[in-house]
Structure formats: structure tokens, C-alpha cells
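Please read the structure below before turning to the comments.
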């Protein structure tokens, strides 16, 4: 596809979208997406989720991609998980098999 063909295709789509937005009877499909807010986890909830995985704090921290001191602080209540860590905790809480289906951490026999 040449640059001018791509430009014309984009401009046609944009003009159709503008016309549809101004129309009293829009015909283009619209979707409303709602993202649930990130859950705030308390210390006992973090510990409970970790315990269901059967992981130590250190292993759980490796799984989540945070330091073991971070997991310690969450479980002591001096800090709370946020952002991506909270989303991962929510996913693990909702699906206990997640850690076995996505094993980022594995047991390796000591030599």
C-alpha cells in the first residue's frame, strides 16, 4: 500500500467517524469499556493469598517480580501492594491455579 493510499484510507475513515458522531442517528458501533479499580489489599489478605500458593515470601516475591522485603512489608501491614502487583494478586485470588498454569518460578533439585 502506498503512502497516499494509506493516507486516503485513514482520511476516509476519520471523515466517516466525524459524520457519524455529528449524526442524530449514528450507525457505527460503539463500546463502553469499564475497568474495575485496583483492589487495596490488607496484610492478612496478602498472606492468605501467598499461603494458598504454598510459596515462601521469597519465592512469592520472585513470582510477582518484587523484592522479598516488599512482600514482608505487605504482610506486616507497613506497605500495601499497588498497581500491577495488586492486579496480579487479584488474578491469583480469583484463580488459584494461575501459579501452576503460569509457573514463572520452578522447583529445581539441589545438586
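Rule-based calculations on the coordinates, nothing more; no lab input. Bear in mind the structure is a predicted one, so any value in this text is a computation, not a measurement. Cβ: placed from backbone, ideal geometry, glycine included. Neighbour counts: every protein chain shown.
Structure data summary
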item: Neighbours by Cβ (under 8 Å, 6+ apart or cross-chain): first from segment 6-17, on the phi < 0 side of the Ramachandran plot; second surrounded by 10 or more Cβ atoms within 10 Å (Cβ to Cβ) and not in a helix (DSSP H, G or I); result: 16/28; 17/28
item: Those residues of segment 1-26 which are part of a loop (DSSP other than H, G, I, E, B) and either surrounded by 10 or more Cβ atoms within 10 Å (Cβ to Cβ) or touching a helix residue (DSSP H, G or I) at 6+ places or on another chain (Cβ under 6 Å) (or both), in sequence order; result: 23, 26
item: Residue match in segment 34-43 (condition: surrounded by 12 or more Cβ atoms within 10 Å (Cβ to Cβ) and under 23 Å from residue 100 (Cβ atoms)); result: yes
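One line per residue, one yes/no per condition, for (1) free of Cβ contacts under 8 Å to residues at least 60 places away in the same chain; (2) surrounded by 12 or more Cβ atoms within 10 Å (Cβ to Cβ); (3) in contact with a strand residue (DSSP E or B) (Cβ under 9 Å, 6 or more places away or on another chain); (4) more than 18 Å from residue 106 (Cβ to Cβ):
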{"position": "46", "(1), (2), (3), (4)": "yes, yes, no, yes"}
{"position": "53", "(1), (2), (3), (4)": "yes, yes, no, no"}
{"position": "58", "(1), (2), (3), (4)": "yes, yes, no, no"}
{"position": "76", "(1), (2), (3), (4)": "yes, no, no, yes"}
{"position": "84", "(1), (2), (3), (4)": "yes, yes, no, yes"}
{"position": "90", "(1), (2), (3), (4)": "yes, yes, no, yes"}
